[in-house]
Amino acid sequence: MRAVCPGSFDPITHGHLDIVRRAGALFDEVIVAVGRNSAKNYLFDTDQRVDMVRASVADLPGVRVEVLSGLLVDFCRAQGAEVVVKGLRFASDFDFELQMAHINHSLTGLETVLLPASAQWGTLSSTMVREVASLGGDVSAFVPALVAERIEQKRNARG
Ligand code: PNS
């Protein structure tokens, strides 16, 4: 069975990678879908986010990365994927993901599997990583080395 892990990945964190890895153990193939939420302002543009995700999952067998545009259900149908896998951290994630799971199931019958985040990354978010980074903190414990480098480059470029 083929699964999709969708997200903005701005930037990808160890928390995301943990979910992708565990989805890889449950399903034959995993497509990491890098999308754009119109309500969000991104630090990295789509090409940069895709590039960092590709580099971060390069060593994971059966995992590939695609750009998500339009509805997630249409993307999954086009890719022949029957399941969406998302990570769950706290109750607010559940409230949102339940709504998404219901609408996606109503639209095409697309199923959603919600995986509890590992304790180690239980409250980590890209938002926190961006906040720490923007205030000059060290994010290298939370993101792959390449992502930490890209954040540093962006910080230097901005001065
Ligand atoms: O959790 P994120 O990072 O905000 O997810 C972003 C993204 C792009 C994966 C999400 O907004 C999404 O799935 N967008 C596709 C549009 C869609 O199908 N929305 C659900 C039905 S309203």
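The values are calculated or read from the model by the stated rules, or taken from the named source; none is laboratory data. No experiment lies behind these values; they were computed from the predicted model shown. Quick reminder, even Gly has a Cβ in these numbers, built from the backbone with ideal geometry, and neighbours come from all protein chains shown.
If the condition is being in a helix (DSSP H, G or I), small (G, A, S) and farther than 13 Å from D10 by Cβ, then the stretch 134-159 contributes A145, A148, A157. No other residue among A119, A55, A81 is of a type outside the set (F, W, Y) and under 19 Å from L146 (Cα atoms) apart from A55. What do you reckon, is R49 closer than 23 Å to S134 by Cβ, surrounded by 13 or more Cβ atoms within 10 Å (Cβ to Cβ), basic (K, R) and within 15 Å of the chain's Cα centre (by Cα)? The answer is yes for R49. The residue that is farthest from the ligand (Cβ to nearest atom), among those in the stretch 52-97 that are in a loop (DSSP other than H, G, I, E, B), in contact (Cβ under 8 Å) with a residue 60 or more places away in the chain and surrounded by 15 or more Cβ atoms within 10 Å (Cβ to Cβ), is E82. So V73 ticks every box in (1) under 14 Å from D10 (Cβ atoms); (2) touching a Ser or Thr at 6+ places or on another chain (Cβ under 8 Å) but one. Which box is left unticked? It is condition (1) that V73 fails. Within the set V20, V4, the sole residue that is at pLDDT 95 or above, within 12 Å of the ligand (Cβ to nearest atom), crowded, with 21+ Cβ neighbours inside 10 Å and of a type in the set (V, I, T) turns out to be V4.
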